[in-house]
Amino acid sequence: MAKRKETVTRVIDGDTFLTASRKRSIRLAGVDAPEKSTRGGTKAAKTLRNMIQGKKVEVNTKARDVYGRAVAEVKIGGKSVNKEMRNKIKK
């Protein structure tokens, strides 16, 4: 699938966000952040928000999940958001 530049409008949690050009959210491929209601969830969401909120990101959709969301590799400024989040999430 094609890579698309999209503006992040809202971070839902540490591995899911919305963009201005899609109806459904995007999930970071290979990232399993804690849910907001669990230990570390708020911190994970804040980390992702600080990284991408309101910014243009490159979205490379790899698959769709059971909820119809794009599962994607995401980059900002040439750096992998997926890799950064995996490194910052310590369960």
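Conditions: (1) assigned to a strand (DSSP E or B); (2) in contact with a helix residue (DSSP H, G or I) (Cβ under 9 Å, 6 or more places away or on another chain); (3) hydrophobic (A, V, I, L, M, F, W, C). M51 meets all but one. Number of the miss?
(1)
Here's the yes/no breakdown for (1) in contact (Cβ under 8 Å) with a residue 40 or more places away in the chain; (2) β-branched (V, I, T); (3) at positive phi:
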position	(1), (2), (3)
F17	no, no, no
K43	no, no, no
L48	no, no, no
M51	no, no, no
G54	yes, no, yes
G77	no, no, yes
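FYI, it's all coordinate maths here, none of it is from the lab. What you see is a predicted model, and the numbers here were worked out from it, not measured in a lab. Don't worry about glycine lacking a Cβ; one is built from the backbone with ideal geometry, like all the others, and counts go over all protein chains shown.
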